[in-house]
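> Just dropping this structure here.
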Amino acid sequence: MVREQKVKAFTDGTATMLLAQLAEVERFAPLVRYLLRSLQAGGDLAGALLAQMAADAEEYLAAGEAAGVIRPSRDRAARTRYLTYQAVGGMVLWFTTHEAVEPGPFQKLFRQYVEEITLPALELFTHGLFVDRSMLDDYLMYVPDPPSAGDAVSAAV
């Protein structure tokens, strides 16, 4: 179920899929709660879960690139790990700080979380953060032999 929904979200390219998922986001709450508890417990299993989530996300992003919805990356695996760490870390932190303060049904709390992050996430992913590419260009000059965007595209084919 989750894999199917993620692939649709990363390849559809329209708001229809997003709005449909947002309308019934509570149905994912039990899975999210289990995921949170597993990650908060830590250990080898949490590490394996995080690694699997990153591997799955790389497939979703590759499907989105192939569909022309996601921009190719110089290093898809590194971008995916970063996005996974940011998403999972932010989610764990948000719920850790909110669950004790706002007790109640987890579905309601999950809805609140989704509503708080959706607009800034879409804005950031759509428009980016920096107004120019000077930091990226300077960094690429700093690191030895960075992969080019063309390398990432040809590796995906």
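The values are calculated or read from the model by the stated rules, or taken from the named source; none is laboratory data. As the structure is a prediction and not an experimental result, all values here were calculated from the model. So basically every Cβ, Gly included, is an ideal-geometry build from the backbone, and we count neighbours across all protein chains shown. Just the protein is used for accessible areas: all its heavy atoms, side chains included, with ligands, DNA and RNA removed. Shrake-Rupley method; radii C 1.70, N 1.55, O 1.52, S 1.80 Å.
> For the range 17-69, would you read off the P(r) tail past 18 Å as a percentage of all alpha carbon pairs?
54
> Okay, moving on. Determine ³J(HN,Hα), in whole Hz, for all residues of the range 26-40 in sequence, where each value follows from phi through the Karplus function 6.51 cos²θ - 1.76 cosθ + 1.60 and θ = phi - 60°; x replaces Gly and Pro.
4, 5, 8, 4, x, 5, 5, 5, 4, 4, 4, 4, 5, 6, 5
> Tally Lys and Arg at +1 and Asp and Glu at -1 over the other residues with C-beta under 13 Å from the C-beta of Thr11: what net charge comes out?
Net charge around Thr11: -1.
> Could you pull the Cα extents of the chain along its three principal axes, largest to smallest, in whole Å?
So the three principal-axis extents are 50, 37, 30 Å.
> Using 0.36 nm times the number of residues separating Met17 and Leu136, minus their current alpha carbon distance, what extension gain do you get?
Between Met17 and Leu136, full extension yields 39.6 nm more.
> Now, a different point. Using every alpha carbon pair in the range 47-112, what percent of pairs falls into each 5 Å bin from 0 up to the bin containing the largest distance?
In whole percents, the pair-distance histogram is 3, 16, 19, 17, 14, 14, 10, 5, 1.
> Given a 1.4 Å probe and heavy atoms of the protein chains only, how would you sort Asp44, Asp56, Asp137, largest accessible area at the top?
Ranked from most to least accessible, the order is Asp44, Asp137, Asp56.
> Something else: Rounded to the nearest 10 Å², what accessible area does Leu122 have for a 1.4 Å probe in the complete protein model?
80
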